Structures are given as structure tokens and as C-alpha cells.
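Below is one structure, written out as C-alpha cells, with a few remarks after it.
The values are calculated or read from the model by the stated rules, or taken from the named source; none is laboratory data. No experiment lies behind these values; they were computed from the predicted model shown. FYI the Cβ positions are ideal-geometry reconstructions off the backbone, even for glycines, and counts take in every protein chain you see.
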Amino acid sequence: MRIGELAALAGTTTRTLRYYESRGLLPARRGENGHRTYDESDLKLLRQIRTLQDFGFDLEETRPFVECLRAGHPEGDSCPASLAVYRRKLDELDALIGELRAVREQVAGQLVRAELAAEALVPGGPEPGCELGGRKW
């Protein structure tokens, strides 16, 4: 198939495919007429890349999965290098989750303090207005 067909099937653009080709993730095969040619295995590579990117993997992190597929494995995540990327990504996600939990605790603490301060200012009265940039909200 030609580049436009592959892009449409993969849900991407021809520009993206050329970029992947320049990065060595997509093979650069050309037919006798000089046009790029692709097959179903290329579509499988693209789907693997797109799925991983949807999960938050950067383009370079997809390389071991692409290489695993090119080596003939039916799934791109069955090779040791792919498994190592999964492990690193899980460690990264766990660290981010920890950071988000800490921020959430700080925001929750600020909310409790702010609510107590608001109640102390006007016990039983109307909520005070907030002025930001000279405008009342």
C-alpha cells in the first residue's frame, strides 16, 4: 500500500509516517516507481506505536516494541527490552502517583484551613466575596 493508504488505516498523517521513517521506526521501502510501499506488518508497527503513545510512552520508548515485532515476535511486548521499558514506565508512573498524592494532601489541608478561616470570619453570616484583580466574584 502507499503512504496515504497506510496513514488513513493507522489514523495518522503522512507527515507523521515520514517522521517515523526518519527516526528508523518505520521501514523506508520504495517500489520500482520510487513511491514508498508498506504492508500489513507496517500497519501493525504503527498500531503498536500509537497504542504505546496513547499510554504516555514517548516515541523513543516505543523502539524496543517495534524491534521486537520486526524480529518476528507476534506481539511487540514479548521481548526482554520491551519488558524493561514496561518496568521503567511503571516505576515512573508510581513516582508520579506519589507526587500527586502529596499535592492532593496539601490542597486538602489548605481547603480545611480556608474553610475554618471563612467560618471564623462570618459565623452564620453570608459567605465573603472574593476579589481578584479588582473584580468581585
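Considering each residue of the range 104-113 in turn, at least one proves to be more than 19 Å from ARG18 (Cα to Cα), part of a helix (DSSP H, G or I), at pLDDT 95 or above and of a type in the set (D, E, K, R). The lone criterion from (1) polar (S, T, N, Q); (2) in contact with a Phe, Trp or Tyr (Cβ under 6 Å, 6 or more places away or on another chain); (3) closer than 13 Å to PRO27 by Cα left unmet by GLN48 is number (3).
Out of all the residues in the range 25-53, which are without any contact (Cβ under 8 Å) to a residue 12 or more places away in the chain and not β-branched (Val, Ile, Thr)? Before you say what the answer is, go through the steps one by one.
Taking the range 25-53 first, the residues without any contact (Cβ under 8 Å) to a residue 12 or more places away in the chain are 28-34, 40, 51, 53.
Listed by number, the residues that qualify are ALA28, ARG29, ARG30, GLY31, GLU32, ASN33, GLY34, GLU40, GLN53.
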